[in-house]
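All remarks here apply to the structure that follows.
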Amino acid sequence: MGLYCSVFDCQSPQPTELPDEDFMTNPSLAMDACFTAFDKDGDDRLSLNEFTLICRALFRNDKGHIYVVPSDRLEQMFAVFDKNEDGYIDREEFQFCWNQWIKTIVRPISAFLIVDVQNDFISGSLNISNCSAQQNGLEVIEPINKLLDTVDFDAVFYSLDWHPSDHVSFIDNIKQRPIHPTSPLNADNAQVYDTVIFAGPPPMKQRLWPRHCVQDSWGSELHKDLKVVEHGVKVYKGTNPEVDSYSVFWDNKKLSDTTLCAQLRLKGSTDIYVCGLAYDVCVGATAIDALSAGYRTILIDDCCRGVDLNDIESTKQTVISSNGVIVSSREVKAMVEGRDRRPELGYKLAMELKNSESDLSKNNACRRQSQQQQQQQQQQPSQ
């Protein structure tokens with residue numbers, strides 16, 4: 001996919017195209033051309049109005065629909081790149097904007113994270129169709145498989161609940177641990193899906209589930225109809241018997257992380273597409289942790305099924321309020337290919353660029369270093 005000034009120049013009827021090879025071998029040429037295209041008054045700096053034109057050209061879908069960006073968000077994003085706060089983005093400041101923001105938006109590095117599509121959640125001991133929402137977990141497999149067949153993700157991850165037999169979340173293990181005096185229920189009257197407080201230390205709230213996804217059991221296996229790609233990486237969670245782990249990033253107490261964080265940094269991922277089971281439990285917790293870590297996060301609605309309708313709606317609202325987006329699977333391919341560029345994700349990225357310690361900022365730095373090394377290798381004469 002080439003990067004063209006015509007992608008950004010919504011005003012000129014005959015924009016100057018920059019071939020892909022120029023972008024790759026001489027990125028400064030592409031950057032300068034874009035700056036010049038939007039410096040409408042030729043004063044060698046970009047005003048807020050000129051930056052707004054960039055955003056109008058940048059944030060659109062593959063059918064040419066322009067997404068509206070609220071004025072307050074335009075001002076906040078502009079301020080990220082106006083580092084000397086003089087009310088303009090000069091060429092030096094635009095270099096940061098181009099390398100860290102525009103290039104990521106146009107060419108994201110996308111990870112597909114498929115959460116807990118395991119036998120026990122579909123037809124086993126914790127079949128979610130028996131929960132209040134009465135949703136069928138089997139229905140996520142067809143759209144997930146279609147995405148795996150048709151979308152060229154940069155990385156694919158499969159998470160698995162992987163519990164030891166004495167896990168704290170199993171209701172039949174409730175008498176193995178003392179209950180805190182403040183717990184609303186005790187070991188004798190607590191039921192499946194109730195929440196109790198174990199004594200700890202420290203005291204710990206715990207929702208009780210049927211025994212499920214015990215390590216190396218049939219119930220813990222990925223469903224046989226789910227496509228497992230050759231380069232897919234499995235991530236195991238919930239392995240500590242004393243702490244539950246809904247998110248694929250962290251256990252519920254944030255005591256330890258999984259291998260996912262390191263894998264995403266290694267691949268320089270910028271965007272994470274999240275789906276699977278259960279929408280309002282492990283999928284939701286994973287999406288929220290991805291947003292907290294600074295990733296541009298996309299929840300794929302028709303590839304998820306959940307436990308409780310109210311909790312599913314709450315999960316959606318939390319993702320949206322945290323600058324994530326919720327899409328259907330038919331929208332994913334154009335987004336991964338950089339042809340459908342959502343302003344919420346652009347805003348999220350800009351806000352993360354203010355925080356050099358976020359995972360996304362670190363990934364961008366690694367990505368930039370890797371690109372520089374590739375360019376140096378290309379420029380070296382062959383022996």
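Scan the range 202-213 for residues that are free of Cβ contacts under 8 Å to residues at least 40 places away in the same chain and open to solvent by 30 Å² or more (accessible area, probe 1.4 Å) and jot them down.
Listed by number, the residues that qualify are P202, P203, K205, R207.
Considering only the range 71-97, state which residues are in contact (Cβ under 8 Å) with a residue 60 or more places away in the chain and in contact with a Ser or Thr (Cβ under 9 Å, 6 or more places away or on another chain).
Correct list: Q95 only.
Take I298 and decide whether it is open to solvent by less than 20 Å² (accessible area, probe 1.4 Å) and closer than 16 Å to L277 by Cα.
yes
Given (1) closer than 17 Å to L160 by Cα; (2) part of a helix (DSSP H, G or I), where does V274 come up short, assuming only one miss?
Failed condition: (2).
Out of D244, D216, I need the residue that is surrounded by fewer than 16 Cβ atoms within 10 Å (Cβ to Cβ) and either touching a His at 6+ places or on another chain (Cβ under 8 Å) or at positive phi (or both). Which one?
It is D216.
Within the range 38-63, work out how many residues are in a loop (DSSP other than H, G, I, E, B) and open to solvent by less than 40 Å² (accessible area, probe 1.4 Å).
Of the residues in that region, 4 qualify.
Do we have L160 as under 17 Å from E221 (Cα atoms) and either in contact with a strand residue (DSSP E or B) (Cβ under 8 Å, 6 or more places away or on another chain) or at pLDDT 95 or above (or both) here?
For L160, the condition - under 17 Å from E221 (Cα atoms) and either in contact with a strand residue (DSSP E or B) (Cβ under 8 Å, 6 or more places away or on another chain) or at pLDDT 95 or above (or both) - is met.
Can you name the number of the only condition in (1) aliphatic (A, V, I, L, M); (2) open to solvent by 40 Å² or more (accessible area, probe 1.4 Å); (3) assigned to a loop (DSSP other than H, G, I, E, B) that L29 fails?
Going through (1) aliphatic (A, V, I, L, M); (2) open to solvent by 40 Å² or more (accessible area, probe 1.4 Å); (3) assigned to a loop (DSSP other than H, G, I, E, B) one by one, L29 breaks only (3).
Filter the range 64-101 down to residues that are of a type in the set (V, I, T) and surrounded by 15 or more Cβ atoms within 10 Å (Cβ to Cβ) and give me whichever is nearest to L349 (Cα to Cα).
Among those residues, the one meeting the criterion is V80.
What residue, among those in the range 301-334 that are open to solvent by less than 30 Å² (accessible area, probe 1.4 Å) and in contact (Cβ under 8 Å) with a residue 40 or more places away in the chain, is farthest from the chain's Cα centre (by Cα)?
My answer is V307.
Condition (residue is out of contact with any Pro (no Cβ under 9 Å at 6 or more places or on another chain), on the phi < 0 side of the Ramachandran plot, open to solvent by less than 10 Å² (accessible area, probe 1.4 Å) and not hydrophobic (A, V, I, L, M, F, W, C)) applied to the range 107-118: is it met by at least one residue?
yes
Take the conditions within 26 Å of Q135 (Cβ to Cβ), acidic (D, E) and open to solvent by less than 80 Å² (accessible area, probe 1.4 Å) and apply them to D172. Does it pass?
no
What is the number of the single condition among (1) out of contact with any strand residue (DSSP E or B) (no Cβ under 9 Å at 6 or more places or on another chain); (2) assigned to a loop (DSSP other than H, G, I, E, B); (3) among the polar types (S, T, N, Q) that N173 does not meet?
Going through the list (1) out of contact with any strand residue (DSSP E or B) (no Cβ under 9 Å at 6 or more places or on another chain); (2) assigned to a loop (DSSP other than H, G, I, E, B); (3) among the polar types (S, T, N, Q), N173 breaks only (2).
Which one is farthest from S329 (Cα to Cα), of the residues in the range 266-277 that are hydrophobic (A, V, I, L, M, F, W, C) and open to solvent by less than 10 Å² (accessible area, probe 1.4 Å)?
Among residues in the range 266-277 that are hydrophobic (A, V, I, L, M, F, W, C) and open to solvent by less than 10 Å² (accessible area, probe 1.4 Å), the one farthest from S329 (Cα to Cα) is L277.
The values are calculated or read from the model by the stated rules, or taken from the named source; none is laboratory data. Computed from a prediction, not measured in an experiment: that's the story for all the values here. Ideal geometry is used to build each Cβ from the backbone, glycine not excepted, and the neighbour counts take in all protein chains shown. Surface accessibility is based on the protein's heavy atoms, side chains included, excluding ligands, DNA and RNA. Shrake-Rupley method; radii C 1.70, N 1.55, O 1.52, S 1.80 Å.
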